[in-house]
Amino acid sequence: MMRILGIHIGHDSSAALVVDGKIVADVAEERFTRIKHYSGLPLGAIDYCLKSQRLQMKDIDVIAVPANGGIPDLNFIFDLKGARQEPKTTPRRMAEFARTVMKRPATKPPLYIKNFPARASAEIVHVEHHLAHAASAYYTNANQGRQLIVTMDGIGDGVSIGVWRGENGKITPLKRIGREGSLGWFYSNVTEALGWWHGDGEGKTMGLAPYGDCAKVKGVLDRFYPKFSGGELVEPHDFGRSYFWNEGGALQWHLDDSVPIREIVNQYRREDVTAEAQRVLEEQTRQIVFPWLEKENTRNLCCAGGVFLNVKLNQRLWESGKIDQHHIYPNPGDSGLAVGAALYACYATNPNAPTHAIEDLYWGPEYGEKEIEDTLKLRNLNYRRVEDVEAFAARQLADDKIVAWFQGRMESGPRALGNRSILMSANRAENKDIINARIKFREAFRPFCPSLLWEKRADYLEHVRDEFFMITSFTCCETKRKNVPAVVHADATLRPQTVKKEFNRRYWNLINEFGKITGESLLLNTSFNIMGEPIVNHPREAIRCFYDNGLDSLVLGNFVLEKKA
Ligand SMILES: [Fe+2]
């Protein structure tokens, strides 16, 4: 048995545990610190990964780190006896590190900081940032045959775009492009110019784009992005200086280009500028992906890296007709790097081991009935136990109530997938405004996503494929647009979670019950969190969120809390 702990330290720090190639635990540290995009040490995440499988650090065979560079902090997390980390891309025994103690003193943390002494025979594997992204996509993929893997983000280990071949369990690099080709930075610079945060607000930019007309401002962003043709970078872009700093525990960026882009935003309609940014991203990405598909003589595409959080880009690629099998790792940003590094380390040593296509992302903490009830009792709350919570919640939702739904293991990645979700009927258009005003307090233009029964996917989604994780949008079937208006975006798309019964029985039952009452087997599903905070993890956070906004009821396992009218 091979147990690999992946740890990512940086934007969206995280830890993951892979046992014999299977992901058994994965969580971002932000869920414990309650600081969104937390960038410090993932000590809570490591602790959770080990405890969730009843393991201790001495049981871990390999520590996989998605970074080429040395990370001195590893010394005290894993008690490496002061050995300095060196950049390595191949496995190296820890004892060897210990023998090569460098002159530079190791970081000395305060005594209250927990550490996890590793055994001396354990190995540390450094995996290049984009290779870890590529591994997260390739080794979680159900598709067969040669895969083109494309990774795109702002920057990681000096690379912004990676092109890879995935075949017979091996990943081979084909192309790496540095900062001068960063389409991720371009999109983030526009985001910052619009007043949102680089590395956080890109979804808002994407959400605003369908309200604009890029033809009205075509070319206004031309001097701010790199140009690609035939799979190659033909016009590199000088991004100037980039700055980052730590804001309350999370890394934030600023790049020079955002200043002149803001002048453009002020001069034209914001919607039109975002539409142009989206057009540029899609057009330039096509210039990378399609030529490489041809060169590699494949129609199978795997994607990861933060740029592929852009569900509209993913939809355009899929609708091109040039792809037969399309897999996007559903946690494509840097919080997915711990999984990617661990998977890479696993298959680098054993390329013939069977891979495991992911079926769900429920790899986070869960809390048992006793812990939930104790949490409610301690707070002296007037809760009750309900046997058939699916039927209870379905009736509430059919009455246009807003229900918070907390069940089982927390989802990995940025999307709530029915275990830490806020739900409402999508059957009335005004429900979108109600949930915005009472719960999410966010911009009116931003769309909400639906969860729908997998069996009904063709009723709602055009040109649909098996896709479970809200990582791509699809055009909504015309016959359904009027039936579920609260989740149909301005461009008539939906960004769905399709729910299979065997992956989440309780959530499937709930949507099915709702369908029996209202005729629509689909719910509006948004993440269970207070604005600006990470998704709730523990029941106490669920309760705090419940009383901090206009939710009507909270279902915690089989327990129900209601606010009376
Ligand atoms: Fe990245």
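Residues of region 509-529 that are over 12 Å from A393 (Cβ atoms), outside any strand (DSSP E or B) and open to solvent by less than 30 Å² (accessible area, probe 1.4 Å): G515, E520, S521, F528, N529. For R385, the requirement of being among the basic types (K, R) and more than 24 Å from E30 (Cα to Cα) is met.
Among the residues making up region 134-147, those that are crowded, with 24+ Cβ neighbours inside 10 Å and within 18 Å of L309 (Cα to Cα) are A134, A135, S136, A137, Y138, T140. Scanning region 141-166 for residues that are within 16 Å of the ligand (Cβ to nearest atom) and not in a strand (DSSP E or B) yields D157, G158. Residues of region 436-462 that are farther than 17 Å from P496 by Cα and either open to solvent by 70 Å² or more (accessible area, probe 1.4 Å) or out of contact with any Phe, Trp or Tyr (no Cβ under 7 Å at 6 or more places or on another chain) (or both): N436, A437, R438, I439, K440, F441, R442, E443, A444. The set of residues in region 152-187 being open to solvent by less than 20 Å² (accessible area, probe 1.4 Å) and over 15 Å from G305 (Cα atoms) consists of G166, G169.
Exactly one residue out of F224, F239, F186, F228 is touching a residue at least 12 places away in the same chain (Cβ under 8 Å) and in contact with an Asp or Glu (Cβ under 6 Å, 6 or more places away or on another chain): that is F224. Counting only helices (runs of 4 or more DSSP H) that sit completely within region 310-427, those holding 1 or more residues that are touching a Gly at 6+ places or on another chain (Cβ under 9 Å) and within 16 Å of the ligand (Cβ to nearest atom) correspond to 337-349.
Looking across T274, T285, one residue alone is within 16 Å of the ligand (Cβ to nearest atom), modelled with pLDDT of 95 or more, open to solvent by less than 10 Å² (accessible area, probe 1.4 Å) and not assigned by TED's automatic domain parsing to the domain that holds F445. It is T285.
Would you mind stating whether H133 is touching a Ser or Thr at 6+ places or on another chain (Cβ under 8 Å), within 18 Å of V65 (Cα to Cα) and within 15 Å of the ligand (Cβ to nearest atom)? When the stated conditions are applied, H133 passes them. Scanning region 19-42 for residues that are among the hydrophobic types (A, V, I, L, M, F, W, C), modelled with pLDDT of 95 or more and out of contact with any Leu (no Cβ under 6 Å at 6 or more places or on another chain) returns V19, I23, V27, A28, F32, I35. Only helices (runs of 4 or more DSSP H) whose full extent lies in region 1-79 are considered here, and none of them has at least 2 residues that are within 16 Å of the ligand (Cβ to nearest atom) and either of a type in the set (D, E, K, R) or crowded, with 24+ Cβ neighbours inside 10 Å (or both).
Contact annotation: residue pairs with Cβ atoms under 6 Å, 6 or more positions apart or on different chains, pairing a residue in region 1-24 that is within 25 Å of W245 (Cα to Cα) with a partner that is aliphatic (A, V, I, L, M) and away from the ligand (no atom under 16 Å from the Cβ), are I7/A15; S14/A45; A15/A45; A15/I46. Residues in region 299-309 that are open to solvent by 10 Å² or more (accessible area, probe 1.4 Å) and either in contact with a Lys or Arg (Cβ under 6 Å, 6 or more places away or on another chain) or not in a helix (DSSP H, G or I) (or both) were compared, and the one that is farthest from G203 (Cα to Cα) is R299.
Number of residues in region 113-130 that are within 16 Å of the ligand (Cβ to nearest atom) and not in a strand (DSSP E or B): the value is 4.
Among the residues of region 337-360, those identified as within 18 Å of V19 (Cβ to Cβ) and crowded, with 24+ Cβ neighbours inside 10 Å are A338, V339, G340, A341, A342, L343, Y344, A345, C346.
Table: residues versus (1) closer than 27 Å to F546 by Cβ; (2) among the basic types (K, R); (3) out of contact with any His (no Cβ under 7 Å at 6 or more places or on another chain).
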position	(1), (2), (3)
E430	yes, no, yes
R438	yes, yes, yes
A444	yes, no, yes
R457	no, yes, yes
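Is it the case, given these coordinates, that G201 is more than 16 Å from the ligand (Cβ to nearest atom), open to solvent by 10 Å² or more (accessible area, probe 1.4 Å), without any contact (Cβ under 8 Å) to a residue 12 or more places away in the chain and assigned by TED's automatic domain parsing to the domain that holds Q315? Against the criterion (more than 16 Å from the ligand (Cβ to nearest atom), open to solvent by 10 Å² or more (accessible area, probe 1.4 Å), without any contact (Cβ under 8 Å) to a residue 12 or more places away in the chain and assigned by TED's automatic domain parsing to the domain that holds Q315), G201 does not qualify.
If the condition is being open to solvent by less than 30 Å² (accessible area, probe 1.4 Å), at pLDDT 95 or above and within 27 Å of the chain's Cα centre (by Cα), then region 209-254 contributes A209, G212, F224, Y225, P226, F228, G231, F239.
The values are calculated or read from the model by the stated rules, or taken from the named source; none is laboratory data. The model shown is predicted, which means the values in this text are computed figures rather than measured ones. We place every Cβ from the backbone using ideal geometry, glycine too, and count neighbours over all the protein chains shown. The protein model used for the area step is the full one, side chains on, heavy atoms only, and it has no ligands, DNA or RNA in it. Shrake-Rupley method; radii C 1.70, N 1.55, O 1.52, S 1.80 Å.
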